[in-house]
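S.K.: I am attaching a structure below and will ask some questions about it afterwards.
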Amino acid sequence: VESGAVYNATTEPRGKAPRRPCGCSARRLRGWRLPAKALQAVLSLLAVICEEIVEGCMKCEGLYFFEFTSCSAFLLSLLILCVYFTDVYEALGQDKVERV
């Protein structure tokens, strides 16, 4: 009889690590990174709001481009914050998140 076979029937398998409630954590954005990402989201939202205040324009192509870029920046900054604050970071893996 092998020595390992004695313990197989009685030993409990290792359980998963306890999960955080709702899977949220700020541990991946420490130091200056968290305020920088939050400021990025706030400033891009402010740009969207300022663009919406404009009631009329003569040549609106530049305004439409600004609207597109500011709205895209806001949505992408929210996406980045969601990835870093939730368990999506571990699900994707650090190399895939950094590549994106």
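S.K.: Which residue pairs have Cβ atoms under 6 Å apart, sit 6 or more places apart or on different chains, and have a first residue in the stretch 44-67 that is of a type in the set (A, V, I, L, M) and a second that is open to solvent by 90 Å² or more (accessible area, probe 1.4 Å) and at pLDDT below 90?
M.R.: Here the result reads none, with nothing in the stretch 44-67 linked to a residue that is open to solvent by 90 Å² or more (accessible area, probe 1.4 Å) and at pLDDT below 90.
S.K.: Condition first: modelled with pLDDT of 75 or more and loosely packed, with under 10 Cβ neighbours inside 10 Å. Can you find one or more residues in the stretch 21-30 that meet it?
M.R.: The answer is yes, given that some residue of the stretch 21-30 is modelled with pLDDT of 75 or more and loosely packed, with under 10 Cβ neighbours inside 10 Å.
S.K.: While we're here: Give just the number: which of (1) within 27 Å of GLN94 (Cα to Cα); (2) modelled with pLDDT of 85 or more; (3) among the hydroxyl-bearing types (Ser, Thr, Tyr) does TYR64 not satisfy?
M.R.: So the condition that TYR64 fails would be (1).
S.K.: Another question about this same structure. Hey, can you tell me all the residues within the stretch 70-100 that are open to solvent by less than 50 Å² (accessible area, probe 1.4 Å), more than 16 Å from ARG27 (Cα to Cα) and either of a type outside the set (A, V, I, L, M) or not in a helix (DSSP H, G or I) (or both)?
M.R.: SER70, SER72, PHE74, SER77
S.K.: Restricting to the stretch 55-64, and then to whatever is open to solvent by 70 Å² or more (accessible area, probe 1.4 Å) and in a loop (DSSP other than H, G, I, E, B), can you tell me which residue is nearest to LEU75 (Cα to Cα)?
M.R.: Filtering the stretch 55-64 for residues that are open to solvent by 70 Å² or more (accessible area, probe 1.4 Å) and in a loop (DSSP other than H, G, I, E, B), the one nearest to LEU75 (Cα to Cα) comes out as GLU55.
S.K.: Listed residues GLU67, GLU52; which is over 18 Å from the mean Cα position of the chain (by Cα) and either loosely packed, with under 12 Cβ neighbours inside 10 Å or part of a loop (DSSP other than H, G, I, E, B) (or both)?
M.R.: GLU52
The values are calculated or read from the model by the stated rules, or taken from the named source; none is laboratory data. A quick note: this is a predicted structure, and the numbers were derived from the prediction, not measured. Glycine also receives a Cβ, built like all others from the backbone with ideal geometry; neighbour counts cover every protein chain displayed. The accessibility values were calculated without ligands, DNA or RNA, using every heavy atom of the protein model including side chains. Shrake-Rupley method; radii C 1.70, N 1.55, O 1.52, S 1.80 Å.
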